[in-house]
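A.B. asks: Before I ask anything, here is the structure I am working with.
The values are calculated or read from the model by the stated rules, or taken from the named source; none is laboratory data. What you are looking at is a predicted structure, and each value in this text was computed from that prediction instead of being measured. Positions of Cβ are backbone-derived with ideal geometry, glycine not excepted, and every protein chain shown enters the neighbour counts.
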């Protein structure tokens, strides 16, 4: 019996190390890409004056905070690290906030594509840099409201909770049943609204693409971009299934925390560089020039 327990423990250790290694490698590549994009963005006036790229950079920053905070929480949960409640709550609050900001920003980017294709003559007037900045500020402001309500519920229930250290898991921060209800409602409202916007923009852009015979038209490319946004949203939505898998016994779900974070949290964020960093011809050209210059140096 002791040998079986020891073997099971070794298997769990290897599984955790495998997923943690994969996540770490992916994060390193993601962070390297962000450094390249930032260096290009701040040295290219054309990018800084384009609402599409402004929203893209904002989303990359948001995804960076999400991945780093989520990775920290994952390490603490897997290795049973006790963290002070205020620190644990801040990490979870950042992860909770940035998790919802990403799909909402996707919706804003889909609307920008919709305006560019369906109202090209008004695109420059409607999609300005100022409006892109204001749009992202409004997105973050509206998404902070559930966090503030969650903190109020937690503080009003058990004020002494903030004086202890716990294993940093989100379920350990649910000291009031209303917290879970609030989070579920905020997720549902966020994703339903985003899904409606993405569906609306896809239908409208598809109608324009249908009227244009050339498959290489901007409308056809925009339609494929919206489809990729839909796939991103689907993966983000599937990550909510981790709420049910986290409740499984550790013996049955030893690999699930790392698997859930890698597949349903990391992959949707790693798709963003593919969509706007590789498929976008203009940005792809700038990235190639930047990398070539760095390798020569």
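A.B. asks: How about region 80-92: which of its residues are assigned to a helix (DSSP H, G or I) and surrounded by fewer than 19 Cβ atoms within 10 Å (Cβ to Cβ)?
C.D. replies: Of region 80-92, the ones assigned to a helix (DSSP H, G or I) are 85-92.
86, 87, 90, listed by residue number.
Residue-by-condition table, conditions (1) more than 11 Å from residue 110 (Cα to Cα); (2) at pLDDT 80 or above; (3) in contact with a strand residue (DSSP E or B) (Cβ under 7 Å, 6 or more places away or on another chain):
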residue: 193; (1), (2), (3): yes, yes, no
residue: 198; (1), (2), (3): no, yes, no
residue: 203; (1), (2), (3): yes, yes, no
residue: 207; (1), (2), (3): yes, yes, no
residue: 215; (1), (2), (3): yes, no, no
residue: 220; (1), (2), (3): yes, no, no
residue: 223; (1), (2), (3): no, no, no
residue: 227; (1), (2), (3): no, no, no
residue: 232; (1), (2), (3): yes, no, no
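A.B. asks: Could you please give the count of residues in region 33-77 that are under 15 Å from the mean Cα position of the chain (by Cα), buried (at least 18 other Cβ atoms within 10 Å of the Cβ) and within 21 Å of residue 127 (Cα to Cα)?
C.D. replies: 7
A.B. asks: Can you tell me which residue among 113, 124 is touching a residue at least 40 places away in the same chain (Cβ under 8 Å) and either assigned to a helix (DSSP H, G or I) or touching a strand residue (DSSP E or B) at 6+ places or on another chain (Cβ under 9 Å) (or both)?
C.D. replies: On the way: 124 fails: touching a residue at least 40 places away in the same chain (Cβ under 8 Å).
Every option except 113 fails the conditions.
A.B. asks: A follow-up question, please. Taking residue 77 as the residue in question, decide whether it is under 24 Å from residue 264 (Cα atoms) and part of a helix (DSSP H, G or I).
C.D. replies: Yes; evaluated as a whole, the condition is true for this residue.
A.B. asks: Also, quick follow-up: How many residues are assigned to a helix (DSSP H, G or I), free of Cβ contacts under 8 Å to residues at least 24 places away in the same chain and farther than 25 Å from residue 111 by Cβ when one looks only at region 30-56?
C.D. replies: So the count comes out to 2.
A.B. asks: Looking for whichever is over 21 Å from the mean Cα position of the chain (by Cα) and surrounded by fewer than 19 Cβ atoms within 10 Å (Cβ to Cβ) here; the options are 199, 153. Which one fits? Give the steps one after another, and end with the answer.
C.D. replies: Values: 199 fails: over 21 Å from the mean Cα position of the chain (by Cα).
Answer to the check: 153.
A.B. asks: Does residue 137 satisfy the criteria of being under 30 Å from residue 32 (Cα atoms), at pLDDT 90 or above, in a helix (DSSP H, G or I) and in contact with a helix residue (DSSP H, G or I) (Cβ under 8 Å, 6 or more places away or on another chain)?
C.D. replies: Values: under 30 Å from residue 32 (Cα atoms): yes; at pLDDT 90 or above: yes; in a helix (DSSP H, G or I): yes; in contact with a helix residue (DSSP H, G or I) (Cβ under 8 Å, 6 or more places away or on another chain): no.
Taking the combined requirement at face value, the residue does not satisfy it.
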